[in-house]
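The values are calculated or read from the model by the stated rules, or taken from the named source; none is laboratory data. The model shown is predicted, which means the values in this text are computed figures rather than measured ones. Methodologically, a virtual Cβ is constructed for each residue, glycine included, from the backbone with ideal geometry; neighbour enumeration extends over all protein chains shown. For the accessible areas, the whole protein counts, side chains as well, though only heavy atoms, and no ligand, DNA or RNA atoms are used. Shrake-Rupley method; radii C 1.70, N 1.55, O 1.52, S 1.80 Å.
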Amino acid sequence: MGIDLAARPSATAVTVIEWGEGSARVSAPRGGWTDDELVGLLMELGPDDRAGVDCPFGWPVEFVRAVSAHAAGEPWPGRGQEQAGYRNGPLRFRRTDVVARELTGAWPQPPALGWLSVVVARWAFIADEMNARGRPIDRTGAGRIAEVYPAGARRLWGLHGERSTAALVHAAPWLEFEPGARQRFDEDTDAYDALIAALVARAVAQGLTNRPSHPDLEVARTEGWLHLPHAGSLAGLL
């Protein structure tokens, strides 16, 4: 399953891929998901199911520390540092974002001090609801749900151009789409990103994504971890 999470339900898309012997069947995307609907959907994941969510699972540790210090009237953690670099570095980006930049050559959208922070807050609520229902989410992606980065995955899979199912099918000819589904993916960027997220979820299940190294594991449990597929691994997902 792939989820392209947005601040608004109307811009949130979900795609499901059923993996079989020799093929992978792609269901038509669905949009308009509320928080409660997403919680219910994720709660239904079985032991062999995986979901890839296009949304940071947490904020940078330094951002949380700075906001907490400011709220408490304590010294600003960046005191004595060059402030532009501080604001555009550890306050905005997580350790996993730095790794993603090294692997893909491009920065992901920052989860703090920008529009994406609102989406992270939505995910924080969804994750808390799941925890309250007895299904906590491992932010490192070690469980059934992992954080993914469709734009970075497309770079690593050689799908740099427009979001196109033609290019995707050329690289993965075993994909089978429900009637009319391809047109919807080609016309809706949110749906297309959900499709890539579902494919990355498959890569996570097969151990074909970057995992946090031992030094990064502790911070990943707090900030989350972007799972990026190994370069050229798309064709081998089936």
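As a summary of the residue check, D97 satisfies the conditions (1) free of Cβ contacts under 8 Å to residues at least 40 places away in the same chain; (2) touching a strand residue (DSSP E or B) at 6+ places or on another chain (Cβ under 8 Å) except for the one numbered (1). Is it fair to say W107 is surrounded by 15 or more Cβ atoms within 10 Å (Cβ to Cβ) and either at pLDDT 95 or above or touching a strand residue (DSSP E or B) at 6+ places or on another chain (Cβ under 6 Å) (or both)? It is false that W107 is surrounded by 15 or more Cβ atoms within 10 Å (Cβ to Cβ) and either at pLDDT 95 or above or touching a strand residue (DSSP E or B) at 6+ places or on another chain (Cβ under 6 Å) (or both).
Output the helices (runs of 4 or more DSSP H) that fall wholly within the range 140-214 and possess 1 or more residues being polar (S, T, N, Q) and surrounded by fewer than 18 Cβ atoms within 10 Å (Cβ to Cβ), or say none.
Details: elements: 150-156, 165-171, 181-187, 189-205.
Fully inside the range 140-214 and qualifying: 181-187, 189-205.
Residues that are in contact with a Gly (Cβ under 9 Å, 6 or more places away or on another chain) and outside any loop (DSSP other than H, G, I, E, B) within the range 56-75 comprise E62, V64, A66, listed in sequence order.
Take the conditions out of contact with any Lys or Arg (no Cβ under 6 Å at 6 or more places or on another chain), surrounded by 15 or more Cβ atoms within 10 Å (Cβ to Cβ), within 24 Å of G141 (Cβ to Cβ) and among the basic types (K, R) and apply them to R101. Does it pass? In short, no.
Any chance the range 97-104 includes a residue that's of a type outside the set (D, E, K, R), modelled with pLDDT of 95 or more and not in a helix (DSSP H, G or I)? There is no residue in the range 97-104 that is of a type outside the set (D, E, K, R), modelled with pLDDT of 95 or more and not in a helix (DSSP H, G or I). Considering only residues in the range 217-238 that are crowded, with 18+ Cβ neighbours inside 10 Å and in contact with a Lys or Arg (Cβ under 8 Å, 6 or more places away or on another chain), the one that is farthest from A24 (Cα to Cα) turns out to be V219.
D128: part of a helix (DSSP H, G or I) and either touching a residue at least 60 places away in the same chain (Cβ under 8 Å) or open to solvent by less than 10 Å² (accessible area, probe 1.4 Å) (or both), yes or no? Taking the combined requirement at face value, the residue does not satisfy it.
Can you confirm whether R184 is closer than 19 Å to P56 by Cα, at pLDDT 95 or above and not aliphatic (A, V, I, L, M)? So R184 fails the test. Of the residues screened, T165 is one that is over 27 Å from M130 (Cβ atoms) and in contact (Cβ under 8 Å) with a residue 12 or more places away in the chain.
For the condition modelled with pLDDT under 95 and not in a helix (DSSP H, G or I), R92 does not qualify. Within the range 1-45, if we keep just the residues that are without any contact (Cβ under 8 Å) to a residue 40 or more places away in the chain and within 18 Å of Q206 (Cβ to Cβ), the residue that is surrounded by the fewest Cβ atoms within 10 Å (Cβ to Cβ) turns out to be E21.
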